[in-house]
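S.K.: If you scroll down you'll find the structure; I have some questions about it.
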Amino acid sequence: MERKRLGKLGELVALQYLQKHGYQVLERNFKIKSGEIDLIAVEAGDLVFVEVKTRLGLNFGLPEEAVTTRKISHIKKAAFYYRNLHPNLPASLRIDVVSISLSENGLLESIKILKNITG
């Protein structure tokens with residue numbers, strides 16, 4: 001499966017999963033010069049910036065292992081920018097990761113939410 005198509009499929013699966021788990025999704029694919037945030041939501045009184053990682057099989061490790069410190073830095077910059085644009089949203093911010101593993105034929109094997117990855 002083409003990488004871009006895999007990413008879009010993962011984002012759609014994550015969106016539905018988050019909504020089912022009480023997240024109110026506000027925006028998809030928020031972009032600024034230094035990066036992109038896959039999903040922005042409100043959950044449990046927090047403004048949540050969600051990175052979605054999708055993998056076909058585990059040949060390259062777990063999906064969440066691809067969220068590097070550099071990627072987190074880019075998400076933080078975009079998150080603070082987004083928060084400044086929307087002062088009416090919750091002041092409490094966090095970054096969550098949705099980790100999605102698909103089988104080689106594209107069937108969902110596992111999905112999990114890793115909350116507040118920056119602690």
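S.K.: Which strands (runs of 3 or more DSSP E) does the range 5-119 wholly contain that include 1 or more residues that are touching a His at 6+ places or on another chain (Cβ under 6 Å)?
M.R.: Numbers: elements: 24-32, 35-43, 46-56, 93-102, 108-114.
Hits in the range 5-119: 35-43.
S.K.: Evaluate the following for residue 42: is it within 18 Å of residue 119 (Cα to Cα), in contact (Cβ under 8 Å) with a residue 24 or more places away in the chain and of a type in the set (Val, Ile, Thr)? Walk me through it before giving the result.
M.R.: Values: within 18 Å of residue 119 (Cα to Cα): yes; in contact (Cβ under 8 Å) with a residue 24 or more places away in the chain: yes; of a type in the set (Val, Ile, Thr): yes.
Answer is yes for this residue.
S.K.: State which residue is modelled with the highest pLDDT when the search covers only the range 29-52 and only residues that are under 12 Å from the mean Cα position of the chain (by Cα) and surrounded by fewer than 18 Cβ atoms within 10 Å (Cβ to Cβ). So that I can check it myself, show each step before the final result.
M.R.: Our first condition is that a residue be under 12 Å from the mean Cα position of the chain (by Cα); within the range 29-52, this holds for 29-30, 36-41, 48-52.
Next, from what is left, pick out any that are surrounded by fewer than 18 Cβ atoms within 10 Å (Cβ to Cβ): 29, 36.
On the way: 29: 96, 36: 90.
The qualifying residue modelled with the highest pLDDT is 29.
S.K.: Taking the condition of being over 16 Å from the mean Cα position of the chain (by Cα), within 26 Å of residue 59 (Cα to Cα) and surrounded by fewer than 16 Cβ atoms within 10 Å (Cβ to Cβ), how many residues in the range 70-108 meet it?
M.R.: Going through the range 70-108 one residue at a time, the tally reaches 6.
The values are calculated or read from the model by the stated rules, or taken from the named source; none is laboratory data. Predicted model, so just to flag it, every value in this text is computed and none were measured. When we count neighbours, we look across all protein chains shown, and the Cβ atoms used for this are built from the backbone with ideal geometry, even at glycine.
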